[in-house]
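Taking it in order: structure first as structure tokens, then the write-up.
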Amino acid sequence: MRAEKKYISAEYAARLGSSPYFYVVDYQGLRVAPLSELRKRLRGVGAEIHIVKNSIFRIAAKDAGVADLGAALIGQTAVVTGQKDAAAAAKILKKFVAEFERPKMKFGFLGNHRMEAAEINVLAELPSLDVLRGKLLGLLNTPATNLVRILNTPATQLAQVIKAKSEKA
């Protein structure tokens, strides 16, 4: 392998190694302006898209410890990676595909788990991380709220009985 290809392969491997997820898409038919728009949207959620050469990316994935990608890498390929929320990047891709009908989702990896296009779409439909945290805090707070209500009920009822007796007298 030529030195330039080794350098590019090492760069891909480093990007894959530092990212907790990556999505592989087929960008065929996507023009420059929409691709730039997709890059801008992904940048907003801490992700980026890079066009890759299949043969070099296959070597980089193997070097990064990703399972053999085999025949999955065909056609024009781009890879979305990021450091933050994997679901946010999947949401951006799903919305973008709905608008422009491209890029076509091929597959992805979340950690060491391979995800097909349908699984990535399910991930995109999940609520955001902040919403999930809010729901979790609400669930944790509910038992305490119910306990306080139960503890206050006898005292409230006693106060109502005393008030009713004092009003009759």
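Every number here is computed from the coordinates shown, using simple stated rules; none is lab data. Remember, it's a predicted structure, so these values are computed and weren't measured experimentally. Counting neighbours? That spans all protein chains shown, and the Cβs are built from the backbone with ideal geometry, glycine included.
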Can you list the residues of the range 44-84 with backbone N under 15 Å from a point 7 Å past the Cα of Ala3, pointing along Cα to Cβ? none
Obtain the nm distance between the two label points defined at Arg133 and Glu11 by a simple spin-label model: each point lies 7 Å from its Cα along the Cα-to-C-beta direction. 3.4
Using alpha carbon centroids, what distance separates the range 1-77 and the range 104-138, in Å? 19
Beyond 32 Å between alpha-carbons counts as too far, so tell me which of Lys53/Lys95; Lys62/Lys135; Lys53/Lys135; Lys94/Lys135 fall in that bin. Lys62/Lys135; Lys53/Lys135
Hull volume in cubic angstrom per residue (convex hull over the Cα atoms of the range 1-127): 102
Show that you can apply the helix-only estimate: for the chain, add -39,500 (n - 2.57) for every DSSP H stretch of four or more residues, divide by all residues, and state [θ] at 222 nm to the nearest 500. -20000 deg cm²/dmol
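Can you list the GluC sites (Glu not before Pro) in the range 61-169 that are in a DSSP coil and have 14 or fewer other beta carbons within 10 angstrom?
Sparse-neighbourhood loop GluC sites (Glu not before Pro): Glu101, Glu125.
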Once the other residues with Cβ under 10 Å from the Cβ of Ile49 are scored (Lys, Arg +1; Asp, Glu -1), what is the net sum? +2
Using the Cα centre of the chain as the reference point, and only Cβ charges (+1 on K/R, -1 on D/E), how large is the resulting charge dipole? Debye, rounded to the nearest 20. 320
Is the shape of the range 114-169 rounded, prolate or oblate, going by the alpha carbon gyration tensor and its root eigenvalues a ≥ b ≥ c, with a/c under 1.5 for rounded and a/b larger than b/c for prolate? prolate
At what distance in nm do the modelled label points of Ser166 and Leu126 sit from each other, each positioned 7 Å from its Cα along Cα→Cβ? 5.6
Extension gain, Gln28 back to Asn54 (0.36 nm per residue minus Cα-Cα distance, nm): 8.0 nm
How far apart, in nm, are the 7 Å Cα→Cβ label points at Thr153 and Asn112? 5.0
